[in-house]
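The values are calculated or read from the model by the stated rules, or taken from the named source; none is laboratory data. Predicted, not measured: the structure shown is a model, and the values here were computed from it. Don't worry about glycine lacking a Cβ; one is built from the backbone with ideal geometry, like all the others, and counts go over all protein chains shown.
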Amino acid sequence: MDRATVIALLKQHQAELVELGVVSLSIIGSTARQEATSASDVDLAATLTPGPRGFAHLERMDQLRDRLGKMLGCAVDVIEEPAPLPRVQRAIEQDRVLAF
């Protein structure tokens with residue numbers, strides 16, 4: 001899926017995503033770099049409102065990933081920002097294309 005299509009779809013669903021606790025959402029990885037193939041998933045970085053930790057947090061991330069996959073019609077990986085490791089955060093910032 002190309003970057004422009006992903007951005008358009010995410011913006012179309014922005015109100016729903018905000019209700020799910022998404023403050024901002026960025027495209028990263030091959031889609032952001034416009035190197036995605038038909039076999040590529042879409043990698044996203046999300047800043048979320050404060051919420052539960054532990055298993056409840058993992059469930060929240062799974063639900064968000066599943067919902068985003070349905071919105072985009074493809075496999076999706078989501079990482080929360082700020083990333084737990086500085087090198088991962090740097091990689092996010094290098095590729096970042098802000099959707100909203």
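Tabulated data
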| quantity | calculated |
| --- | --- |
| Residue list for the stretch 59-80, filter: among the hydrophobic types (A, V, I, L, M, F, W, C) and not in a loop (DSSP other than H, G, I, E, B) | M61, L64, L68, M71, L72, V76, V78, I79 |
| Top-ranked residue in the stretch 6-36 [being free of Cβ contacts under 8 Å to residues at least 60 places away in the same chain and in a strand (DSSP E or B); ranked as farthest from the chain's Cα centre (by Cα)] | V23 |
| Set A46, A39, A56, A83: member being over 13 Å from V6 (Cβ atoms), part of a helix (DSSP H, G or I) and aliphatic (A, V, I, L, M) | A56 |
| Hits in the stretch 29-43 - residues which are within 14 Å of A75 (Cα to Cα), buried (at least 18 other Cβ atoms within 10 Å of the Cβ) and out of contact with any Ser or Thr (no Cβ under 7 Å at 6 or more places or on another chain) | G29 |
| Cβ pairs under 6 Å, 6+ apart, first in the stretch 73-100 and modelled with pLDDT of 95 or more, second part of a strand (DSSP E or B) and charged (D, E, K, R) | D77/D43 |
| Considering residues of the stretch 1-28 that are small (G, A, S) and surrounded by fewer than 19 Cβ atoms within 10 Å (Cβ to Cβ) only, the residue modelled with the lowest pLDDT | G21 |
